[in-house]
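Enquirer: This is the structure I want to talk about, given as structure tokens.
The values are calculated or read from the model by the stated rules, or taken from the named source; none is laboratory data. Here the structure is a predicted model, which is why all the values come from computation and not from measurement. Here the Cβ positions follow ideal geometry from the backbone for every residue, glycine too, while neighbour counts run over all protein chains shown.
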Amino acid sequence: MRDEPLNPAAPSSPAPGALVDQYGRRITYLRLSITDRCDFRCFYCMAEEMEFLPRDHLLSLEECLRVIRAFVDMGVSKVRITGGEPLVRRNALWLMRDAARLEGLRELVVTTNGSQLERHAADMRAAGVRRVNISLDTLRADRFKTITRVGDLSKVLRGIDAAVAAGFNGIKLNTVMMRGVNDDEFIDLAHFAVDKGIDLSFIEEMPLGEVDRARAYFGSDEALALLRPHFELVSSEETTGGPARYWRIPGTRTKIGFISPHSHNFCDTCNRVRITCKGELYPCLGQNDAVSLMPALRAHPGDDAPLRQAITDAMGLKPKGHEFDPQAPGPQLIRFMSMTGG
């Protein structure tokens, strides 16, 4: 697997069998959830009392590998394994190791809450994971407990140190921006990232799931203005194949990114699709249209042609874009983020 950043721009002549949607966007990036379970209960991601799927309703890890292989065969070069919390899934490292060996996969990435990294970071790196994204919304232990309901900040901080020691090609913190909750810590979080020599992305909150949305929306432009008096920020054209727009801090190893589904809609260059842990392929995070891959997987265990056809058919559902109203009080999509995959 090569380590250079990906370029999401579609080539002028996609290879035969490549995934291209009805608007000409080439799909090169798959986000696959391997579990809806998590050892945290972050209030913007799930309800406090969650009902998780029965285990036989989930894709097996062997089925997950079949899905990844089919997408890689169709031109996908970047795969992100998500959850829930993917590292609570038993034998997740087996999937990472076998997926990393697939010819044509340039980058295997994992998104995690960091709770299991102290134990697994070195093995993940050895398995072939090149980059890891770690959710971190606060550096205050009491606030961390409030946001996650059950989480231990010190465990996550040790996990971040373990990831740094493991030598991943890239480590990025993901911070969901919440006015009145953590907006007074953005500068501290940026200093923390600089001190660790890692990257940080600020994310506008997505209106998914029936959770409390009394908090006011906090946009990327306001966050950028908040940071500018404290850091020299130089606009960068760098990309890791996802939606973040980056700013470099000269003299450091750190990039500051902003993921802005509300204020700077990035749909025109969208190169990604998501698959839930029960095999639902969502061509767009901001829409409810999905195709279930489970029937093709289980009715044809020795033949991936029906699976590839179902994937191809789903490209016709990918819309031109999504429209979220950041001021809307309730969920604009009922499914929880933990069910869709982070």
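Enquirer: Pick from 284, 277: which is without any contact (Cβ under 8 Å) to a residue 40 or more places away in the chain, under 19 Å from residue 82 (Cα atoms) and assigned to a loop (DSSP other than H, G, I, E, B)?
Expert: 284
Enquirer: Let me ask something additional. Being surrounded by fewer than 22 Cβ atoms within 10 Å (Cβ to Cβ) and touching a residue at least 40 places away in the same chain (Cβ under 8 Å) is the filter; apply it to the range 121-130 and report the residue that is nearest to the chain's Cα centre (by Cα).
Expert: It comes out as 130.
Enquirer: Only one of 98, 73 is of a type in the set (Asp, Glu), buried (at least 17 other Cβ atoms within 10 Å of the Cβ), within 19 Å of residue 307 (Cβ to Cβ) and at pLDDT 95 or above. Can you tell me which?
Expert: Residue meeting the stated conditions: 98.
Enquirer: Take residue 43 and tell me if it is touching a residue at least 60 places away in the same chain (Cβ under 8 Å) and either buried (at least 21 other Cβ atoms within 10 Å of the Cβ) or charged (D, E, K, R) (or both).
Expert: no
Enquirer: Look at residue 172 and say whether it is touching a helix residue (DSSP H, G or I) at 6+ places or on another chain (Cβ under 9 Å), touching a residue at least 40 places away in the same chain (Cβ under 8 Å) and closer than 23 Å to residue 269 by Cα.
Expert: yes
Enquirer: Looking at this structure, is residue 276 buried (at least 20 other Cβ atoms within 10 Å of the Cβ), modelled with pLDDT of 85 or more and of a type outside the set (A, V, I, L, M, F, W, C)?
Expert: yes
Enquirer: Within the range 292-309, how many residues are part of a helix (DSSP H, G or I) and surrounded by fewer than 14 Cβ atoms within 10 Å (Cβ to Cβ)?
Expert: Of the residues in the range 292-309, 5 are part of a helix (DSSP H, G or I) and surrounded by fewer than 14 Cβ atoms within 10 Å (Cβ to Cβ).
Enquirer: Next question, about the same structure. How many residues does the range 219-249 hold that are under 20 Å from residue 184 (Cβ atoms), out of contact with any helix residue (DSSP H, G or I) (no Cβ under 7 Å at 6 or more places or on another chain) and in contact (Cβ under 8 Å) with a residue 24 or more places away in the chain?
Expert: 4
Enquirer: Quick test for you: out of 200, 157, pick the one residue that is surrounded by 13 or more Cβ atoms within 10 Å (Cβ to Cβ) and either part of a helix (DSSP H, G or I) or of a type in the set (Lys, Arg) (or both).
Expert: Matching residue, one of 200, 157: 157.
Enquirer: Here's another thing I want to ask about it. Checking residue 84 against (1) farther than 17 Å from residue 278 by Cα; (2) part of a loop (DSSP other than H, G, I, E, B), which single condition isn't satisfied?
Expert: In the conditions (1) farther than 17 Å from residue 278 by Cα; (2) part of a loop (DSSP other than H, G, I, E, B), residue 84 misses (1) alone.
Enquirer: For residue 144, state whether it is part of a helix (DSSP H, G or I), buried (at least 20 other Cβ atoms within 10 Å of the Cβ), touching a Ser or Thr at 6+ places or on another chain (Cβ under 8 Å) and modelled with pLDDT of 95 or more.
Expert: Yes, satisfied.
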